[in-house]
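To start, the structure itself, in structure tokens.
A short reminder: the numbers here are calculations on the coordinates, not readings from a lab. Computed from a predicted structure; not experimentally measured. When we count neighbours, we look across all protein chains shown, and the Cβ atoms used for this are built from the backbone with ideal geometry, even at glycine.
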Amino acid sequence: MAMPKHKISKSRRDMRKANHLKVKSANPSKCPQCGEPKMSHRVCIHCGFYKGKEIIKMGE
Ligand SMILES: [Zn+2]
């Protein structure tokens, strides 16, 4: 039977969980239109552009 040699402490176990959450939530992508950080494969919430086209008309 495969058994871990040492018990992982609560803090180390929780740090691993926190790391997974971080990877899921982080989406490092920059908008080519305005340079603001945006989610990839989504319309930019700052300028409303996606794939070089204006999807959402932004007000003044
Ligand atoms: Zn943008």
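Tabulated results
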read-out	value
Cα-only radius of gyration and Dmax that characterise the chain, units Å	20.0, 66
Point-to-point label distance, Leu21-His41, nm (Cα→Cβ direction, 7 Å offset)	2.4 nm
Rel. contact order, % - alpha carbon contacts under 8 angstrom, at least six apart, the chain	16 percent
